[in-house]
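**Student:** One structure is given below, represented as structure tokens, and several questions about it will come after.
Each value in this text was obtained by applying a stated rule to the coordinates, not by laboratory testing. Not measured: the values here are computed from a predicted model. Here the Cβ positions follow ideal geometry from the backbone for every residue, glycine too, while neighbour counts run over all protein chains shown.
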Amino acid sequence: MSTALTIYANTGSQDTALGSSGVEFVEIDVDNDEIIFSAGDAVVADGQPIPSDTQLNSAGTLLTTPRVEQTVDKYFLADNNVNLLKEIFNMGEGNYRYVMAFSFDGATASEPTLEVWDDSDLDSVANVSLGAGTPSSSWWRGITTTDALPGAAWTGSRLAGSSDGHFLFLNSENGALVGADTLYCQMKIVIPATQIDGGVANCVVAVKFASV
């Protein structure tokens, strides 16, 4: 029997592990749900209906003059099961450990990794937010928090594809899982000062592993 993976987002303010009393992890439907990053407003907010593209554009992060590097402020789970936005309050540059949870119900034959790609074909990083083909210029930053907090003002790795240094080993490079376990990571979007034009960044976050 193949090992199953269930992915959760912490939509509460409590920074504690999946399954802890009072913590608010929501299971992500990987076929229908999305993670949205935004500056937020009255419409793009926790508990509001999933917004239209026009509403999302209105609440997008604004590029400033003069240009400065900007870390996106707010992150939401678009929970299509209930047609609501649920803010992932601790996602971003904060020093939080239990943000995204990856729950495996058994052992794996390889260490689970997290990658970010253009689309579900998982063969391109041409999107501008992924560095337009240059992974070291990706806006996506991530850090594995399975064993510890990321640290204040954490930098993490630039995520884009599967080249060295541009994906996450979710088990902290400790190898395959020997049994059921839950792994964690923190993520943020950092828009570089060199970005001139606005746009939409639709990417796919993928978790890869081999079953026993």
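**Student:** Quick test for you: out of Val23, Val44, pick the one residue that is in contact with a Pro (Cβ under 8 Å, 6 or more places away or on another chain), of a type in the set (Val, Ile, Thr) and crowded, with 17+ Cβ neighbours inside 10 Å.
**Tutor:** Details: Val23 fails: in contact with a Pro (Cβ under 8 Å, 6 or more places away or on another chain).
Criteria check complete, one pass: Val44.
**Student:** Now, a different point. Test of understanding: among Ser157, Ser110, Ser138, which residue is more than 29 Å from Gly19 (Cα to Cα) and out of contact with any Cys (no Cβ under 9 Å at 6 or more places or on another chain)? Steps first, please.
**Tutor:** Numbers: Ser157 fails: more than 29 Å from Gly19 (Cα to Cα); Ser110 fails: more than 29 Å from Gly19 (Cα to Cα).
It is Ser138.
**Student:** Further question: Being in a loop (DSSP other than H, G, I, E, B), within 21 Å of Thr194 (Cα to Cα) and of a type in the set (A, V, I, L, M) is the filter here; which residues of segment 117-152 pass it?
**Tutor:** Residues satisfying the conditions are Val125, Ala126, Ala132.
**Student:** With Gly175, Gly179 as the choices, which residue is closer than 13 Å to Pro112 by Cβ and exposed (fewer than 13 other Cβ atoms within 10 Å of the Cβ)? If you could, list the steps in order and put the result at the bottom.
**Tutor:** Working: Gly179 fails: closer than 13 Å to Pro112 by Cβ.
Among Gly175, Gly179, only Gly175 is closer than 13 Å to Pro112 by Cβ and exposed (fewer than 13 other Cβ atoms within 10 Å of the Cβ).
**Student:** Does segment 172-212 hold any residues that are of a type in the set (D, E, K, R), touching a Leu at 6+ places or on another chain (Cβ under 9 Å) and not in a loop (DSSP other than H, G, I, E, B), and which are they?
**Tutor:** Restricting attention to segment 172-212, the residues satisfying the condition of being of a type in the set (D, E, K, R) are 173, 181, 188, 197, 208.
Applying the additional criterion that residues be touching a Leu at 6+ places or on another chain (Cβ under 9 Å) yields 197, 208.
Correct list: Lys208 only.
**Student:** The conditions are (1) in contact with a helix residue (DSSP H, G or I) (Cβ under 8 Å, 6 or more places away or on another chain); (2) crowded, with 20+ Cβ neighbours inside 10 Å; (3) free of Cβ contacts under 8 Å to residues at least 40 places away in the same chain, and Ser163 fails exactly one of them. Which is it?
**Tutor:** (2)
**Student:** Can you say whether Pro112 is over 19 Å from Ile28 (Cα atoms) and surrounded by 15 or more Cβ atoms within 10 Å (Cβ to Cβ), as far as the supplied structure shows? Please lay out each step first, then the result.
**Tutor:** On the way: over 19 Å from Ile28 (Cα atoms): no; surrounded by 15 or more Cβ atoms within 10 Å (Cβ to Cβ): yes.
No; evaluated as a whole, the condition is false for this residue.
**Student:** Go through the residues of segment 57-71 one by one and say whether even a single one is free of Cβ contacts under 8 Å to residues at least 40 places away in the same chain and of a type in the set (Gly, Ala, Ser).
**Tutor:** Yes, some residue in segment 57-71 is free of Cβ contacts under 8 Å to residues at least 40 places away in the same chain and of a type in the set (Gly, Ala, Ser).
**Student:** Could you list, in sequence order, all residues of segment 153-168 that are part of a strand (DSSP E or B) and in contact with a Ser or Thr (Cβ under 6 Å, 6 or more places away or on another chain)? Break it down stepwise before answering.
**Tutor:** From segment 153-168, those part of a strand (DSSP E or B) are 157-158, 168; that's our starting set.
Result: Arg158, Leu168.
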